[in-house]
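The values are calculated or read from the model by the stated rules, or taken from the named source; none is laboratory data. Please read these numbers as outputs of a predicted model, since none were measured by experiment. Don't worry about glycine lacking a Cβ; one is built from the backbone with ideal geometry, like all the others, and counts go over all protein chains shown. Note: areas computed on protein heavy atoms with side chains; ligands, DNA, RNA excluded. Shrake-Rupley method; radii C 1.70, N 1.55, O 1.52, S 1.80 Å.
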Amino acid sequence: MANAPYIVGVDIGGTKVACVLAEAGGRILARQWQPTRSVEGWQAVVQQLFEMTEQVLEGVSSSQVRGIGISCGGPLDSQKGIVYSPPNLPGWDAVPIKQLFEERFGLPTRLENDANATALAEHRFGAGRGTRNMVFMTWGTGIGGGLILDGRLYRGTNDLAGEIGHTTVLLDGPLCGCGKRGCLEALASGPSIARRARELASESPESLVWQRVSPEEVTAQHVVEAAEAGDTFARFVLAEAATYMGIGIGNVAQILNPERVVLGTIAVKAGDLVLEPLRRALAVHAWGRVREVLQVVPAELGDRAQDLAAICLWIED
Ligand SMILES: [Zn+2]
């Protein structure tokens, strides 16, 4: 029912699955979440999602539901509704999730990769409100992207548009999880920040970072915390990663001429510690005329993004 008041949103993550019933205006009416039963295989996770969906739909007739939106890590085919083999969901291989949900609930179902769905959510409810051309970038374990161009999600030819994390920003740079060298993700993601801190550990024995954690166990979070406490080494490592982000964003800005770039987790947590060096790099790597219309800002939705992302698949512009 195109104008039905309710939407079901399903978020499939590697550690957590969540399901919400929401109004099109974004109000969450019911919510379920559980740790992902990923070790039991994809069938167990789908069963888990079915049960949570049944719970949020309790007492709601299907004529009141516009549809089910599913947000999941790629690679996937949004048209066919098939999830291929996301790195965070071991054992998934061409799971026809859209068809499984439609057969089970008799409700139209849409599938979208999580970066795209979060881009839609930030555009409608968060830091991208009011923009026509917006780039959303996850900045955490990985660096993903979602492109809103002329007010609509741009997916590319086979759902691979916006993979900004895998643009090359350093010739012969570190090996990326995707198999290429020098990808932005290999230089600026959370694990890359931790790796860089580890590489430089012997040159910075006095750093606050090593008073709190060993090089083997360091994470980006440790680096951010030490940087916030004023540690010079931690600030250097963060600034270096942020500089690569500035180069990556400069490349995207030269191509798409967006009005806003909205950045996820690390920008939200570290704020100006990363945004200042990032903007300095951007000033070198993007034209003034491109920059004068461009704002680079942290995401606003935080934990709400996961709830809102999947329901955005059924909110028409
Ligand atoms: Zn890569």
*asked:* Quick check on my filter: what residues within region 161-187 are in a loop (DSSP other than H, G, I, E, B) and either without any contact (Cβ under 8 Å) to a residue 12 or more places away in the chain or more than 16 Å from the ligand (Cβ to nearest atom) (or both)?
replied: 171, 172, 176, 179
*Here are some residues: 37, 31. Which one is in the same structural domain as residue 110 (by TED's automatic domain parsing), of a type in the set (Lys, Arg) and under 18 Å from residue 95 (Cα atoms)?*
37
*Given the conditions (1) surrounded by 18 or more Cβ atoms within 10 Å (Cβ to Cβ); (2) of a type in the set (A, V, I, L, M, F, W, C); (3) modelled with pLDDT of 95 or more, report the number of the one that residue 170 does not fulfil.*
(1)
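Among the listed residues 65, 39, identify the single one that is aliphatic (A, V, I, L, M) and either within 20 Å of residue 308 (Cβ to Cβ) or crowded, with 20+ Cβ neighbours inside 10 Å (or both). Step through it out loud before you land on a result.
On the way: 39 fails: either within 20 Å of residue 308 (Cβ to Cβ) or crowded, with 20+ Cβ neighbours inside 10 Å (or both).
65 is the lone residue from the list that is aliphatic (A, V, I, L, M) and either within 20 Å of residue 308 (Cβ to Cβ) or crowded, with 20+ Cβ neighbours inside 10 Å (or both).
Please verify whether residue 190 is more than 14 Å from the ligand (Cβ to nearest atom), surrounded by fewer than 24 Cβ atoms within 10 Å (Cβ to Cβ) and not aromatic (Phe, Trp, Tyr), treating the condition exactly as stated.
Numbers: more than 14 Å from the ligand (Cβ to nearest atom): yes; surrounded by fewer than 24 Cβ atoms within 10 Å (Cβ to Cβ): yes; not aromatic (Phe, Trp, Tyr): yes.
Judged against the criteria, residue 190 is a match.
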_Odd one out for residue 146 among (1) more than 10 Å from the ligand (Cβ to nearest atom); (2) in contact (Cβ under 8 Å) with a residue 40 or more places away in the chain; (3) touching a Ser or Thr at 6+ places or on another chain (Cβ under 7 Å)_ = (2)
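In region 220-317, which helices (runs of 4 or more DSSP H) lie fully inside it and hold 3 or more residues that are in contact (Cβ under 8 Å) with a residue 12 or more places away in the chain?
Ranges flagged: 220-228, 232-256, 265-270, 272-285, 304-311.
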_Residues of region 193-210 satisfying the condition of being open to solvent by 90 Å² or more (accessible area, probe 1.4 Å) and part of a helix (DSSP H, G or I)_ = 198, 199, 202, 203
_Which condition from (1) farther than 30 Å from residue 8 by Cα; (2) open to solvent by 10 Å² or more (accessible area, probe 1.4 Å) is the one that residue 298 breaks?_
(1)
_Of the conditions (1) surrounded by 17 or more Cβ atoms within 10 Å (Cβ to Cβ); (2) away from the ligand (no atom under 12 Å from the Cβ); (3) of a type outside the set (Asp, Glu), residue 214 satisfies every one except a single condition; which number is it?_
(1)
_Failed condition for residue 156, given (1) open to solvent by less than 40 Å² (accessible area, probe 1.4 Å); (2) within 15 Å of the ligand (Cβ to nearest atom); (3) out of contact with any helix residue (DSSP H, G or I) (no Cβ under 7 Å at 6 or more places or on another chain)_ = (2)
